[in-house]
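To keep things clear, I will list the structure first and then write my remarks on it.
The values are calculated or read from the model by the stated rules, or taken from the named source; none is laboratory data. Since the model is a prediction, treat every value here as computed from it, not as a measurement. Because the Cβ atoms are built from the backbone with ideal geometry, glycine has one as well, and the counts that use them run over all protein chains shown. To get the accessible areas, we keep the full protein, side chains included, count just its heavy atoms, and leave off ligands, DNA and RNA. Shrake-Rupley method; radii C 1.70, N 1.55, O 1.52, S 1.80 Å.
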Amino acid sequence: LLLLEASDENGEDRISLAYDKTASGLKWPLLQGRYVARFQPMALEIPYEVRLRSARQINYAETAQPYSYEGDLVVTDKRTGEKEEKTISMNNVHETWDGYRFYLSNISPADESAVKRVQIVVNHDPAKYWLTYPGALLLTLGIGMLFWLRPYAKKR
């Protein structure tokens, strides 16, 4: 649920919106109908085509409890036409050179009799190598300095 406050030179309005994950619901009017709003996911075009060849749920031995999900992907770069086949699972993601990561997050329903719905999450982090790894290095150095320099130790 989201509380949206909107204002312009003619007044202000407040409306609560529920999340519409399919982006197929009604848009709600704001400010006497001059604007409409809906709380929905943002769809972006990515430079890859992703095809799922097969997906499977691996259970613990002799139980129906899921241990892991796996999926065989074919990822095609739209810019170069280069295809790459990859098996992804819960702890094994596919990462591209330009910062796109593909995660297999869910398969439902789990039984073989029904049509499956596979959820693949896409994350884009173009500055990963420039910010994440130097930041981790700074954090490690800071922890090391706290350990060896002991700034809060009592002096005897």
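If you filter region 31-53 down to residues that are small (G, A, S) and part of a loop (DSSP other than H, G, I, E, B), you find that the one that is least open to solvent (accessible area, probe 1.4 Å) is G33.
Taken over region 9-20, the criterion of being surrounded by 14 or more Cβ atoms within 10 Å (Cβ to Cβ) and either under 25 Å from the mean Cα position of the chain (by Cα) or of a type in the set (K, R) (or both) is satisfied by L17, D20.
Please go through region 21-30 and pick out each residue that is open to solvent by less than 100 Å² (accessible area, probe 1.4 Å) and in a strand (DSSP E or B). First the steps, then the outcome.
The initial filter retains those residues of region 21-30 that are open to solvent by less than 100 Å² (accessible area, probe 1.4 Å), namely 22-25, 29-30.
Answer for region 21-30, where residues must be open to solvent by less than 100 Å² (accessible area, probe 1.4 Å) and in a strand (DSSP E or B): P29, L30.
In the condition set (1) under 20 Å from L44 (Cα atoms); (2) out of contact with any Lys or Arg (no Cβ under 7 Å at 6 or more places or on another chain); (3) at pLDDT 90 or above, Y60 is compliant with all but (1). Residues that are within 28 Å of Y129 (Cβ to Cβ) and either in contact (Cβ under 8 Å) with a residue 24 or more places away in the chain or in contact with a strand residue (DSSP E or B) (Cβ under 6 Å, 6 or more places away or on another chain) (or both) occur in region 105-113; there is at least one. For region 1-53, residues that are in contact with a Gly (Cβ under 7 Å, 6 or more places away or on another chain) and among the hydroxyl-bearing types (S, T, Y) total 0.
Out of V93, V122, I need the residue that is among the β-branched types (V, I, T) and touching a residue at least 40 places away in the same chain (Cβ under 8 Å). Which one? It would help to see each step written out before you state the result.
Details: V93 fails: touching a residue at least 40 places away in the same chain (Cβ under 8 Å).
From the options V93, V122, the qualifying one is V122.
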